[in-house]
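Asker: Got a structure here, written out as structure tokens. Questions coming.
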Amino acid sequence: MASEKVPKIDGQKLLKKVSKQPFAGGQLIDLIFPNVAESLRKKAEYIIRDGVSSGQTNQQIIQRIKGTKKLEYKDGLLEQSRNSIDTEVRTARAHISNETYLSIWKDLGAKYTKDVATLDSRTSKECALRDGRVQKIDENHERPPYHRRCRTIQVACNADGDIDGVRPYVVDKEKGKDWDIGQVDANTTYKQWFATQDETFQRNWLGKTRYELYKSGQYPLDKFIDPLSGKTFTIAELRKMDEDTFKELGL
């Protein structure tokens with residue numbers, strides 16, 4: 001497509017559009033850091049009030065906020081704030097990137113996009129189920145990031161969703177000690193790829209109860225997700241909706 005037409009993107013216009021486009025549940029880029037700062041201030045106040053009312057010393061209260069040297073200050077409120085900022089930056093960057101991609105696809109004349117998640121154990125169940133979904137390009141179609149730290153992207157495709165090439169996968173077999181890295185056809189979905197993985201991978205990704213439901217053949221991956229909100233059903237919610245299957249499997 002790019003060989004026939006060079007896409008022309010106006011960075012200033014795109015940035016203005018991106019700042020007005022909500023992402024990951026309604027967040028706006030301009031409100032990220034004010035929210036982080038306000039949240040940090042309130043949490044610090046809560047810790048101080050709780051510490052005083054509980055009879056903690058100044059040093060104990062400071063440690064709760066700052067963290068302890070023994071744990072390299074990773075157990076304090078400030079470390080939590082750093083993690084929050086890291087998450088927001090990564091999510092905002094994904095939002096800008098995906099909106100840029102979408103503008104390029106439109107400029108090149110594409111009519112459809114396809115969700116492409118990451119084939120590994122860190123992919124959320126929401127994105128795993130969206131992987132391979134084809135949507136017509138318009139202002140109202142769903143787009144990533146779908147949640148915090150979302151790595152799903154959208155690529156141009158035809159109406160059937162077919163794209164050329166291959167896509168990579170990574171399987172962490174033993175907590176970072178043993179890796180299986182390879183490639184599959186670009187049109188292989190997460191669900192199809194997941195079905196080829198061993199029991200250990202499937203059980204770790206789904207959890208014990210969901211794995212037993214999945215293995216029974218009565219619960220495809222789609223059944224673990226609320227189709228309206230895209231959120232994962234809790235075990236309690238699944239049991240309430242399908243008591244008979246839980247009793248049958250002894251769960």
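Asker: For region 127-225, which fully contained strands (runs of 3 or more DSSP E) count at least 1 residues that are buried (at least 17 other Cβ atoms within 10 Å of the Cβ), of a type in the set (Ser, Thr, Tyr) and touching a helix residue (DSSP H, G or I) at 6+ places or on another chain (Cβ under 8 Å)? Lay out the reasoning, then the answer.
Answerer: Working: elements: 134-136, 153-157, 166-172, 179-185.
Counting at least 1 such residues, we get 166-172.
Asker: Still on this model: Quick check on Asp180: is it closer than 30 Å to Asn83 by Cα, free of Cβ contacts under 8 Å to residues at least 24 places away in the same chain and out of contact with any Gly (no Cβ under 7 Å at 6 or more places or on another chain)? Before the answer, list the steps.
Answerer: Working: closer than 30 Å to Asn83 by Cα: yes; free of Cβ contacts under 8 Å to residues at least 24 places away in the same chain: yes; out of contact with any Gly (no Cβ under 7 Å at 6 or more places or on another chain): yes.
When the stated conditions are applied, Asp180 passes them.
Asker: What number goes with the only condition from (1) surrounded by 15 or more Cβ atoms within 10 Å (Cβ to Cβ); (2) modelled with pLDDT of 90 or more that Gly76 does not pass?
Answerer: Condition not satisfied by Gly76: (2).
Asker: Quick check on region 111-124: of everything there that is farther than 23 Å from Asp164 by Cα and either acidic (Asp, Glu) or surrounded by fewer than 19 Cβ atoms within 10 Å (Cβ to Cβ) (or both), which residue is nearest to the chain's Cα centre (by Cα)? Walk me through how you get there before you give the answer.
Answerer: Pass one, region 111-124, residues farther than 23 Å from Asp164 by Cα: 121-122, 124.
From what is left, the residues that are either acidic (Asp, Glu) or surrounded by fewer than 19 Cβ atoms within 10 Å (Cβ to Cβ) (or both) are 121-122.
On the way: Ser121: 12, Arg122: 9 Å.
That would be Arg122.
Asker: On the basis of being assigned to a helix (DSSP H, G or I), more than 21 Å from the chain's Cα centre (by Cα) and of a type in the set (Lys, Arg), does Arg239 make the cut? Let's see the steps before the verdict.
Answerer: Values: assigned to a helix (DSSP H, G or I): yes; more than 21 Å from the chain's Cα centre (by Cα): yes; of a type in the set (Lys, Arg): yes.
Yes; evaluated as a whole, the condition is true for this residue.
The values are calculated or read from the model by the stated rules, or taken from the named source; none is laboratory data. Fair warning: this is a prediction, and the values are worked out from it, not measured in the lab. Cβ coordinates were reconstructed from backbone atoms using ideal geometry, including for glycine residues, and neighbour counts include every protein chain displayed.
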